[in-house]
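Below is one structure. I have some questions about it.
The values are calculated or read from the model by the stated rules, or taken from the named source; none is laboratory data. What you are looking at is a predicted structure, and each value in this text was computed from that prediction instead of being measured. Cβ sites come from the backbone with ideal geometry, for glycine too, and all protein chains shown count toward neighbours.
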Amino acid sequence: MFDTDQYELLDFGNGRKLERFAGTTVDRPCPAAESVGPQGRWTPDLKFERNSKGDEGKWRGAAPEAWRLQHDEVTFQLRNTPFGHVGIFPEQAENWDWIARQMQRCKGAKVLNLFAYTGGSTLAAAAAGADVTHVDAAKNVVAWARNNAAESGLEEAPIRWIHEDARKFVQRELKRGNRYDAVILDPPTYGHGANGEPWRIARDLAPLLMNLAELTEANRQFMLLTCHSPGFGPAEVEALLADCVFGTCQCNARATRAQLLCHDNRRLDCGVAARWPNL
């Protein structure tokens with residue numbers, strides 16, 4: 001988890017959340033907070049408002065010139081993006097801690113990180129001794145992740161940086177005969193590959209998981225699947241892993257609600273995290 005001087009959820013309600021990232025308070029949309037009201041008055045340093053189409057938007061306020069956030073050995077460069085993101089999903093910190101624990105029992109594992117964004121899971125694994133392949137369809141995000149690696153002193157770590165569609169990359173790895181010991185993936189609900197290939201989680205996740213089952217079957221050590229899509233609750237995600245990867249519901253893969261704890265002990269839903277093994 002984060003130290004509170006690095007990240008804290010301060011409040012949420014009316015479809016928004018108020019967070020503090022390394023001393024800067026940020027007010028931005030949060031659909032999971034629609035049904036409750038905020039607990040206090042907000043005076044953020046940065047505020048994001050979506051446009052009428054709901055995809056991009058504008059920020060009010062200016063981000064710090066050198067905005068950095070630390071989690072254990074990893075340093076993140078933060079910045080405000082046109083989509084309301086700042087370069088980190090704080091609910092993933094618990095998963096990064098879990099990845100580090102898995103690496104204690106499988107040093108040197110070959111780890112594949114798909115939809116890898118700015119590299120939180122990649123760098124957590126690399127810092128713990130993994131040989132990582134980082135795949136994301138957005139070229140600028142791969143560059144951002146590489147900058148985070150440099151900021152973290154991991155520029156010489158064994159990380160392959162791949163700008164490609166996740167499905168195409170996995171299919172090519174299967175044809176090449178390359179195999180992995182662990183897989184991490186955080187697929188979006190909708191998206192596009194490096195060459196505009198459409199991604200729809202309801203259609204594309206199951207076939208991808210089947211390919212990943214083949215890619216890891218020789219020496220599977222751990223798997224982490226996180227999901228933020230409507231209709232994909234813990235039961236649905238567990239069933240997908242059982243059907244597509246393990247072939248049995250007795251596989252010891254467990255999915256739980258990902259949550260952020262507010263300073264007043266309220267919990268904000270942030271999707272689902274499924275881990276195997278359940279250790």
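For the structure I just gave you, tell me whether Asn95 is within 19 Å of Ala258 (Cα to Cα), within 15 Å of the chain's Cα centre (by Cα), polar (S, T, N, Q) and not assigned by TED's automatic domain parsing to the domain that holds Arg50.
Values: within 19 Å of Ala258 (Cα to Cα): yes; within 15 Å of the chain's Cα centre (by Cα): yes; polar (S, T, N, Q): yes; not assigned by TED's automatic domain parsing to the domain that holds Arg50: yes.
Considered against the rule, which asks whether it is within 19 Å of Ala258 (Cα to Cα), within 15 Å of the chain's Cα centre (by Cα), polar (S, T, N, Q) and not assigned by TED's automatic domain parsing to the domain that holds Arg50, Asn95 comes out as yes.
When you go through Asn278, Asn219, Asn265 one by one, which is the residue that is surrounded by fewer than 13 Cβ atoms within 10 Å (Cβ to Cβ), of a type outside the set (A, V, I, L, M) and in contact with an Asp or Glu (Cβ under 8 Å, 6 or more places away or on another chain)?
Numbers: Asn278 fails: in contact with an Asp or Glu (Cβ under 8 Å, 6 or more places away or on another chain); Asn265 fails: in contact with an Asp or Glu (Cβ under 8 Å, 6 or more places away or on another chain).
Every option except Asn219 fails the conditions.
Considering only the stretch 135-153, I want to know if a residue exists there that is outside the structural domain of Ala66 (by TED's automatic domain parsing), surrounded by fewer than 19 Cβ atoms within 10 Å (Cβ to Cβ) and among the polar types (S, T, N, Q).
Checked the stretch 135-153: at least one residue is outside the structural domain of Ala66 (by TED's automatic domain parsing), surrounded by fewer than 19 Cβ atoms within 10 Å (Cβ to Cβ) and among the polar types (S, T, N, Q).
Considering only residues that are in a helix (DSSP H, G or I) and touching a residue at least 40 places away in the same chain (Cβ under 8 Å), look in the stretch 58-98 and name the one that is surrounded by the most Cβ atoms within 10 Å (Cβ to Cβ).
First, pick out the residues of the stretch 58-98 that are in a helix (DSSP H, G or I): 90-98.
This time we only want the ones that are touching a residue at least 40 places away in the same chain (Cβ under 8 Å), so: 90-95, 97-98.
Numbers: Pro90: 20, Glu91: 20, Gln92: 22, Ala93: 20, Glu94: 15, Asn95: 20, Asp97: 13, Trp98: 17.
Among those that are in a helix (DSSP H, G or I) and touching a residue at least 40 places away in the same chain (Cβ under 8 Å), it is Gln92.
Here is a follow-up. Select, from Ala182, Ala194, the only residue that is among the small types (Gly, Ala, Ser) and touching a residue at least 60 places away in the same chain (Cβ under 8 Å).
Numbers: Ala194 fails: touching a residue at least 60 places away in the same chain (Cβ under 8 Å).
One residue alone meets the criteria, Ala182.
Right, another one. Please determine whether any residue of the stretch 68-91 is over 18 Å from the mean Cα position of the chain (by Cα), of a type outside the set (Ser, Thr, Tyr) and in the same structural domain as Glu197 (by TED's automatic domain parsing).
No, every residue in the stretch 68-91 fails to be over 18 Å from the mean Cα position of the chain (by Cα), of a type outside the set (Ser, Thr, Tyr) and in the same structural domain as Glu197 (by TED's automatic domain parsing).
Of all helices (runs of 4 or more DSSP H) completely enclosed by the stretch 116-212, which ones contain at least 1 residues that are more than 18 Å from His228 (Cβ to Cβ) and acidic (Asp, Glu)?
On the way: elements: 120-127, 139-151, 166-176.
Because the criterion is at least 1 residues that are more than 18 Å from His228 (Cβ to Cβ) and acidic (Asp, Glu), the helices (runs of 4 or more DSSP H) in the stretch 116-212 that meet it are 139-151, 166-176.
Taking the stretch 227-261, which residues are outside any helix (DSSP H, G or I), in contact with a Ser or Thr (Cβ under 9 Å, 6 or more places away or on another chain) and either buried (at least 16 other Cβ atoms within 10 Å of the Cβ) or β-branched (Val, Ile, Thr) (or both)?
Of everything in the stretch 227-261, those that are outside any helix (DSSP H, G or I), in contact with a Ser or Thr (Cβ under 9 Å, 6 or more places away or on another chain) and either buried (at least 16 other Cβ atoms within 10 Å of the Cβ) or β-branched (Val, Ile, Thr) (or both) turn out to be Cys227, His228, Ser229, Phe232, Ala258.
Please go through the stretch 175-191 and pick out each residue that is crowded, with 16+ Cβ neighbours inside 10 Å and either at pLDDT 95 or above or not assigned by TED's automatic domain parsing to the domain that holds Pro230 (or both).
Answer for the stretch 175-191, where residues must be crowded, with 16+ Cβ neighbours inside 10 Å and either at pLDDT 95 or above or not assigned by TED's automatic domain parsing to the domain that holds Pro230 (or both): Arg179, Tyr180, Asp181, Ala182, Val183, Ile184, Leu185, Asp186, Pro187.
Can you tell me which of Phe169, Phe115 is under 22 Å from Arg220 (Cβ atoms) and in contact with a Pro (Cβ under 6 Å, 6 or more places away or on another chain)?
Details: Phe169 fails: in contact with a Pro (Cβ under 6 Å, 6 or more places away or on another chain).
Step by step, each of Phe169, Phe115 is checked, and only Phe115 is under 22 Å from Arg220 (Cβ atoms) and in contact with a Pro (Cβ under 6 Å, 6 or more places away or on another chain).
Can you name the number of the only condition in (1) farther than 20 Å from Arg172 by Cβ; (2) among the β-branched types (Val, Ile, Thr); (3) touching a residue at least 60 places away in the same chain (Cβ under 8 Å) that Thr248 fails?
For Thr248, the failing item is (3).
Now, a different point. Which number in (1) surrounded by 17 or more Cβ atoms within 10 Å (Cβ to Cβ); (2) of a type in the set (Phe, Trp, Tyr); (3) at pLDDT below 95 marks the one condition that Phe169 misses?
Phe169 satisfies every listed condition except (3).
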